[in-house]
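Notes follow once the structure below has been shown.
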Amino acid sequence: MVSAGSIVEFRDVSYGFSEGRPLFSRVNLSIRKGGYYLVQGPSGAGKSTFLRLINRLEEPLSGEILFRGRALSSYPPPLLRRSILYVQQSPTVIDASVRENLLMPFFFRSNAHLERPEDGRMKGLLQDFLLQGIGLGDNALTLSTGQLQRLCLIRGLLLSPEVLLLDEPASALDTESARVVQSMLERMNTESGVTALMVTHRTPDPGAVIPVILKLGHGRIKEEAWNMESWR
């Protein structure tokens, strides 16, 4: 039975062993639809692995992960990974224009039925993420790492995912740019209802949305209400 209001559920999930100890041991967790989560834990606690399990880039050793009440394995991978989008820390782009990189997912056969965004929408998102000086015809390889991180985030948002998994999306950004990214994610969370889970080492400054903290460690994932002391 699905927990009311949940979009992703972990049921007795265990994963990975190091020196006989699981990275996750029989984790039970409910991610609420429309929630905004910050993932915290020491190095090696499995923060990136946790995100990758949610869109089936990794498989649990035991237990089950559900999306919308169905096992992840019941979804075709292209549909699952379009609905649960993972944006990794290291940006991945091709030697092509910014426009071609933003539209790249729409050229995949599995996404051929999706309507491709027009230039106006892409330009608007570039401006929203402080990339207004970048043209759609510019070669993506000329951009800095921080600019590429934002470009890859925009590329994912153009697919309108239901769940957004973000692994250090602002690691290469200055303070102002990181604040803009956080503000945009909060806005999309409140306006479009996208469920967001973000790994970050920056001390957050909650604005429009008060996050829920997911603390990883000792094989467990513990949900905590936000407060500054819990982050330190």
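What FRET efficiency comes out for the pair residue 176/residue 28, r = Cβ-Cβ distance, R0 = 35 Å, nearest 0.05? Spell out each step's value before the answer.
Numbers: r = 39 Å, r/R0 = 1.12.
Efficiency, from the Cβ-Cβ distance: 0.35.
Under a crude label model (7 Å from the Cα following the beta-carbon direction), how far is residue 79 from residue 192 in nanometres?
Going by the 7 Å Cα→Cβ label model, 2.0 nm.
If only Cα atoms are counted, what is the Rg of the range 152-191, and what is its Dmax, in Å?
According to the Cα coordinates of the range 152-191, Rg and Dmax are 10.3, 28 Å.
Per the helix-only calculation at 222 nm, which mean residue ellipticity applies to the chain, given -39500 (n - 2.57) for every DSSP H run of n ≥ 4 and division by its residues, nearest 500 deg cm²/dmol? All intermediate terms of the calculation are to be shown ahead of the outcome.
Details: 7 runs with 66 residues, N = 232.
After summing the helix terms and dividing by residue count, I get -8000 deg cm²/dmol.
Send over the semi-axes of the range 4-118's equivalent ellipsoid, whole angstrom and largest first, taken as the square roots of 5 times the C-alpha gyration tensor eigenvalues.
Over the Cα atoms of the range 4-118, the ellipsoid semi-axes are 29, 18, 13 Å.
Hey, got a sec? Which chymotrypsin sites (Phe, Trp or Tyr not before Pro) in the range 63-142 land in a DSSP loop and have at most 12 other Cβ atoms within 10 Å? Before the final figure, lay out the partial values.
Numbers: sites: 67, 86, 106, 107, 108, 129; in loops: 108, 129.
Hits after loop and neighbour filter: 108.
Taking the Cα atoms only, what angle lies between the long axis of helix 175-192 and the longest principal axis of the chain, rounded to 10 degrees?
70 degrees
Using a Förster distance of 25 angstrom, determine the FRET efficiency expected from the C-beta separation of residue 225 and residue 104, and round it to 0.05.
The calculated FRET efficiency here is 0.05.
Estimate the FRET efficiency between residue 71 and residue 218 by the formula 1/(1 + (r/R0)^6), using the beta-carbon distance for r and 22 Å for R0, to the nearest 0.05.
The pair residue 71/residue 218 has a calculated efficiency of 0.25.
Please give, to one decimal in nm, the separation of the simple spin-label points placed at residue 113 and residue 145, each 7 Å out from Cα toward the Cβ.
According to this spin-label approximation, the distance is 4.0 nm.
Semi-axes, largest first, in whole Å: what does sqrt of 5 times each Cα gyration tensor eigenvalue give for the range 50-140?
Over the Cα atoms of the range 50-140, the ellipsoid semi-axes are 31, 15, 12 Å.
For residue 33, go through the lysines and keep the ones whose alpha-carbon is under 24 Å away, minus same-chain ones fewer than eight residues off.
Within the straight-line cut-off, residue 33 pairs with 47, 215, 222.
Per 0.36 nm of contour for each residue apart, how much would the distance between residue 61 and residue 127 grow if the chain were fully extended, relative to their Cα-Cα spacing?
Working: separation 66, 0.36 × 66 = 23.76 nm, distance 4.30 nm.
My answer for the length gained is 19.5 nm.
Fully extended, how many nm does the chain gain between residue 97 and residue 159 (0.36 nm per residue separation, minus their Cα-Cα distance)?
20.5 nm
Of all GluC sites (Glu not before Pro) in the range 45-124, which ones are in loop regions per DSSP and have a Cβ with at most 11 other Cβ atoms within 10 Å?
For GluC sites (Glu not before Pro) across the range 45-124 that sit outside H, G, I, E and B with at most 11 neighbouring Cβ atoms in 10 Å, the list reads 115, 118.
Once you compute Rg and the Kirkwood Rh from C-alpha atoms, what is the Rg to Rh ratio for the chain?
Values: Rg = 17.7 Å, Rh = 18.4 Å.
With Rg and the Kirkwood Rh in hand, the quotient comes to 0.96.
P(r) tail for the range 61-198, what percent of Cα pairs lie past 24 Å?
Everything past 24 Å amounts to 30 percent.
Only the coordinates and a few stated rules stand behind these numbers; no lab work does. Treat the numbers as computed from the prediction; the structure is a model and nothing was measured. In this analysis, Cβ positions are derived from the backbone assuming ideal geometry, glycine residues included, and neighbour counts consider all displayed protein chains.
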